[in-house]
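Please read the structure below before turning to the comments.
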Amino acid sequence: MIIKDAQFISSNTQVDKCPQTNLPEYAFIGRSNVGKSSLINMLTNRNKLAKTSSFPGKTQLINHFLINESWYLVDLPGYGWAKVSKDSREKWGKMIRAYMRLRTNLICVFVLIDSRHEPQASDLEFIELLGALEVPFVLVFTKTDKQSAVKTDQNIAAFSRKMRETWEELPQIFKTSSAEKAGRDEILDFIDATNKQVSE
Ligand code: GTP
Ligand code: MG
């Protein structure tokens, strides 16, 4: 898929204020600092479309980007950042749960996982929440440029083993590096194919 056009549409805390649309939507979520905003910029080939930062907690709102005037990418605030107050964590939970439950045009959630780490409880918990809400999702292992391919695959295998403890089927898995622009075609092809299925 060629990205001809990518536009920032809106930032919201409330789901009912998000764009009113039937166009298919794909949301990016994961721990703070995992590289959600960077991945959106890499996919769209726009350096500054989504705001990135080396400090966790940069993205605080539900950010909608309209791609090729035909589907939406959504940048969501991350979870699992230790320095967040209990109050903000609860607000985050409320907002994200409402978004997942009420956003009827949400087709698939991309759960980003840092490929450098062993399985983390916060990622596994978030995936359980998606399961409970029956939201379709895929996994994206990010920042693969930070270590060897072998190490990345070991961490993915460990994560898959953990998931098999509760899941019968594993989701589709992508590997990405926003720094090296790796994994771009795979994700865009997946979105393209899914958009075609949805419109049938
Ligand atoms: P929050 O909005 O705070 O939840 O973070 P985020 O998940 O949107 O992460 P963001 O894209 O802002 O990236 C966090 C930091 O990781 C930035 O310093 C990025 O430059 C860096 N980063 C993101 N992706 C990659 C990658 O693939 N490789 C490398 N080496 N660094 C990356
Ligand atoms: Mg962000």
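The values are calculated or read from the model by the stated rules, or taken from the named source; none is laboratory data. The model shown is predicted, which means the values in this text are computed figures rather than measured ones. Note: ideal-geometry Cβ built from the backbone for every residue, glycine included; neighbour counts use all protein chains shown. The area values use the complete protein model at the heavy-atom level, side chains included, leaving out ligands, DNA and RNA. Shrake-Rupley method; radii C 1.70, N 1.55, O 1.52, S 1.80 Å.
Go through LYS4/LYS175; LYS58/LYS83; LYS83/LYS146; LYS36/LYS143; LYS17/LYS143; LYS146/LYS175 and tell me which ones have a Cα-Cα distance over 21 Å in this structure. Show your work: numbers first, answer last.
Values: LYS4/LYS175 24 Å; LYS58/LYS83 13 Å; LYS83/LYS146 24 Å; LYS36/LYS143 11 Å; LYS17/LYS143 33 Å; LYS146/LYS175 12 Å.
Check vs 21 Å cut-off fails for LYS4/LYS175; LYS83/LYS146; LYS17/LYS143.
Where does each of 137-144, 192-199 land if you order them by average Cβ count within 10 Å, highest first? Can you show the working numbers first?
Working: 137-144: 22.5, 192-199: 12.8.
Most protected by this proxy first, the peptides run 137-144, 192-199.
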Checklist entry - In terms of modelled amide H atoms, which long-range or inter-chain residues lie less than 5 Å from the amide H of LYS51? => result none
Checklist entry - Quick one: which of 123-133, 74-84, 106-116 comes out on top by average Cβ neighbours within 10 Å, and what's the full order, highest first? => result 106-116, 74-84, 123-133
Checklist outcome for this item: Per residue, accessible area of the chain with a 1.4 Å probe, heavy atoms of protein chains only, in Å², comes to 53
Item to check | Kirkwood-based Rg to Rh ratio, the chain, C-alpha trace | outcome: 0.93
Next on the checklist: If you roll a 1.4 angstrom probe over the protein chains with everything in place, what fraction of the accessible area of the chain belongs to carbon and sulfur, to the nearest %?
Outcome noted: 48
Next on the checklist: With a cut-off of 8 Å between alpha carbons and a minimum separation of six or more residues, what is the relative contact order of the range 6-199 in percent?
Outcome noted: 22
